[in-house]
Each structure stands twice: as structure tokens, then as C-alpha cells.
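Participant: Provided herewith is a single structure, encoded as C-alpha cells, for subsequent inquiry.
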Amino acid sequence: MERTSLLSFAWALALIAIASAQAPASEIVLHNFGSPAPKGAGPWAGVIRDSAGNLYGTTNTGGVSNKGVVYKVDTTGRQTVLHSFTGGADGGYPYAGVIGDSAGNLYGTTCQGGTTNVAAPHGNGVVYKLDTTGPETVLYNFTGGADGGCPVAGVIRDSAGNLYGTSNLGGPEGYGEVFEVNAAGQETMLYGFTGGTDGKWPMGGVIRDSAGNLYGTTQYGGAAGYGAVFKLDATGQETVLY
């Protein structure tokens with residue numbers, strides 16, 4: 001009888017453990033974006049987090065000019081707009097989020113804004129830096145030509161302060177490119193997609209290994225026309241991995 005009771009008790013504990021493991025996790029909303037949206041609306045990208053638990057990200061629209069913002073949400077859920085894009089020289093419509101450095105500066109891209117011309121009255125996007133006090137610095141203006149245009153993805157940063165990313169448009173053939181922007185704001189096209197088996201129109205960014213190789217994806221192109229996974233070595237040689 002005692003053995004049976006012990007087995008029943010053990011089985012009951014097991015059922016409680018299973019039920020607890022299957023219980024849905026509870027969600028806490030840290031911040032609700034609203035409309036009208038002077039503090040931003042429509043976040044496309046995710047967030048990053050600092051050591052104090054503050055979150056940083058972007059919205060694609062909203063803000064003073066309805067061209068998106070860079071924001072901070074602290075641990076109490078209070079939101080602060082760090083920069084509100086105007087759609088002019090400072091950029092507009094950031095689809096990508098931000099990355100940070102050890103000094104607390106933030107880096108990102110916008111798909112529009114920056115230098116404008118007759119062919120691109122809304123601009124071709126920028127790479128920007130936002131320092132800890134809020135002022136924005138445009139590190140590079142895309143022209144929409146061989147240097148690329150409309151970066152949809154964000155950037156990564158190496159130990160020397162160089163930034164790497166992709167533009168969805170522009171490049172020598174108009175199918176996007178992989179670029180580098182150094183600490184002085186000089187851009188180098190590392191690879192221009194031809195729209196064939198090498199891929200075209202990259203929507204995502206890149207990652208980098210210890211040897212300096214870059215890896216990413218394109219939305220279309222490739223052998224079957226449905227995109228490719230690529231590797232770009234330090235000499236600019238592209239290899240389609242899949």
C-alpha cells in the first residue's frame with residue numbers, strides 16, 4: 001500500500017511538472033507605438049540591448065516628419081526618440097535596426113533621404129552614426145549609381161571601425177552590391193551583383209568571419225532564380241554557396 005501511494009505521488013508530481021512546462025509564457029508589452037505617432041510607428045527591425053537593459057531600435061515611419069525614428073526604451077518601458085528622420089539630408093525610412101559600439105554610439109542605414117537629384121528626388125539612402133548625446137552624423141550618402149542605393153539591411157562593424165553592408169539597388173549592373181564604409185566615411189564597393197547566377201537584390205545584410213570573409217543572401221538570382229547564399233572573400237571574389 002505504501003509503495004502504491006509513493007508511486008501515485010510521484011506520478012502526480014510528474015503531471016504537475018509536465019503541465020508547468022506546457023503552460024504558455026506570459027508576455028509583457030514594454031512599449032506600444034501609437035497613432036498619431038510622433039515617437040515612431042511601424043518598426044520593421046528588431047532591437048539591440050545594452051548592459052543596463054535598455055533597448056534600441058528604429059521605426060520605418062512616424063516621427064516629426066513621418067520618415068521614421070531611432071528610439072530607446074528603458075527598463076521601465078519609457079520611450080525616448082533619439083533621432084527623428086526628416087527624409088532630407090539626414091535620411092528617411094530606416095528598414096534596418098541599429099548596431100552599437102563600446103562607446104554607446106549607434107550605426108544604421110536608411111533606404112531614402114540623403115543626397116537628392118532629378119533622378120532620385122527622395123534620395124538613395126544613407127549610412128549614419130548617432131552619438132550618445134543624440135546628434136546624427138551621415139557617414140555616407142548613396143547616389144544610386146555604381147556605389148549602390150536603398151540599403152534595406154543594416155551594417156556590421158569590425159574592430160577598426162569599418163562598416164559592411166548591402167544595398168538593395170544600384171551597383172554597376174543595378175542589382176545591388178556589398179559595400180564597405182571606413183571610419184573616414186569613404187565607401188568601397190566590394191562586389192556588384194550582375195543579376196545572374198551570382199544573385200541580385202540583396203535584402204539582408206552580411207556577417208563576417210575572423211579571416212575577413214563576408215556571407216549573405218540575395219532575394220533573387222542564382223542558378224534557379226530564387227536567390228542565393230554567397231561568400232565574398234577579402235579580395236572581392238564571390239562564391240555562391242547555395
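The values are calculated or read from the model by the stated rules, or taken from the named source; none is laboratory data. Here the structure is a predicted model, which is why all the values come from computation and not from measurement. Quick reminder, even Gly has a Cβ in these numbers, built from the backbone with ideal geometry, and neighbours come from all protein chains shown. Ligands, DNA and RNA are stripped out before the accessible areas are found, and what is left, the full protein with its side chains, is counted by its heavy atoms. Shrake-Rupley method; radii C 1.70, N 1.55, O 1.52, S 1.80 Å.
Participant: Pairs, please: C-beta under 6 Å, at least 6 apart or cross-chain, first residue farther than 19 Å from Gly123 by Cα and open to solvent by less than 60 Å² (accessible area, probe 1.4 Å) and in segment 89-106, second in a loop (DSSP other than H, G, I, E, B) and modelled with pLDDT under 95?
Facilitator: Gly104/Thr132; Asn105/Asp131
Participant: In segment 187-211, what residues are without any contact (Cβ under 8 Å) to a residue 40 or more places away in the chain and either in contact with a helix residue (DSSP H, G or I) (Cβ under 7 Å, 6 or more places away or on another chain) or outside any strand (DSSP E or B) (or both)?
Facilitator: Passing the criteria: Phe193, Thr194, Gly195, Gly196, Trp201, Asp209, Ser210, Ala211.
Participant: Restricting attention to segment 51-80, which residues are assigned to a strand (DSSP E or B) and either among the polar types (S, T, N, Q) or at pLDDT below 95 (or both)?
Facilitator: We begin by selecting, within segment 51-80, every residue assigned to a strand (DSSP E or B); these are 55-59, 61, 69-73, 79-80.
Hits for segment 51-80 are Thr58, Thr59, Thr61, Gln79, Thr80.
Participant: While we're on this one: Taking the stated definitions as given, is Thr235 open to solvent by 40 Å² or more (accessible area, probe 1.4 Å), among the hydroxyl-bearing types (Ser, Thr, Tyr), out of contact with any Pro (no Cβ under 6 Å at 6 or more places or on another chain) and closer than 23 Å to Thr110 by Cα?
Facilitator: no
Participant: Quick check on this structure: which one of Gly171, Gly236 is in contact with an Asp or Glu (Cβ under 9 Å, 6 or more places away or on another chain) and in a loop (DSSP other than H, G, I, E, B)?
Facilitator: Values: Gly236 fails: in contact with an Asp or Glu (Cβ under 9 Å, 6 or more places away or on another chain).
On inspection, the qualifying residue turns out to be Gly171.
Participant: Being out of contact with any Leu (no Cβ under 6 Å at 6 or more places or on another chain), over 20 Å from Pro202 (Cβ atoms) and assigned to a strand (DSSP E or B) is the filter here, so list the residues in segment 103-152 that pass it.
Facilitator: Scanning segment 103-152 gives Thr137, Val138.
Participant: Against the definition (at pLDDT 95 or above, closer than 19 Å to Gly97 by Cα and not in a loop (DSSP other than H, G, I, E, B)), how does Val178 come out, yes or no?
Facilitator: yes
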